[in-house]
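Trainee: Have a look at the structure that comes next, please.
The values are calculated or read from the model by the stated rules, or taken from the named source; none is laboratory data. On a predicted model such as this, the values are computed, not experimentally measured, just so you know. Heads up, the Cβs are rebuilt from the backbone with ideal geometry, glycines too, and the neighbour counts pull from every protein chain shown. For accessibility, only protein heavy atoms count, side chains too; no ligands or nucleic acids. Shrake-Rupley method; radii C 1.70, N 1.55, O 1.52, S 1.80 Å.
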Amino acid sequence: EVENVSKLYETENNSVLAVNDVSFQIPHGSFVGIMGASGSGKTTLLNLIATIDKPTNGAVRISGQNIVDMPDEAAAEYIREKGLFVFLFPV
């Protein structure tokens, strides 16, 4: 489950809202494809789900556990135990 997830990248002179208040649920055992225009935030969203990056706001829950609140190594181990795979294939 992804709930109200946003990711804001900020530098001294610029800010980019890469993901804006995204929410969805994926049933256990499902395969899901994410499609969109270049620069629409697909890779950022996948990085948030895979614990490569942390959202600015919101929750990412795997089997009810909010992985956003976990330390990085614990979150990565948790998603490995749950068998979550996130692949990025260019089309």
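Trainee: Of all residues in the stretch 1-26, which are closer than 20 Å to Ala76 by Cα and open to solvent by 60 Å² or more (accessible area, probe 1.4 Å)?
Mentor: Across the stretch 1-26, the qualifying residues are Glu1, Glu3, Gln25, Ile26.
Trainee: Name the single residue that is most open to solvent (accessible area, probe 1.4 Å) among those in the stretch 27-65 being modelled with pLDDT under 90 and either closer than 15 Å to Glu3 by Cβ or touching a strand residue (DSSP E or B) at 6+ places or on another chain (Cβ under 6 Å) (or both).
Mentor: The selected residue is Ser63.
Trainee: Which ranges mark the strands (runs of 3 or more DSSP E) fully within the chain that have 1 or more residues being charged (D, E, K, R) and touching a Lys or Arg at 6+ places or on another chain (Cβ under 8 Å)? Even if it seems obvious, please write down each step before you answer.
Mentor: Working: elements: 2-10, 15-24, 57-62.
The qualifying strands (runs of 3 or more DSSP E) are 2-10.
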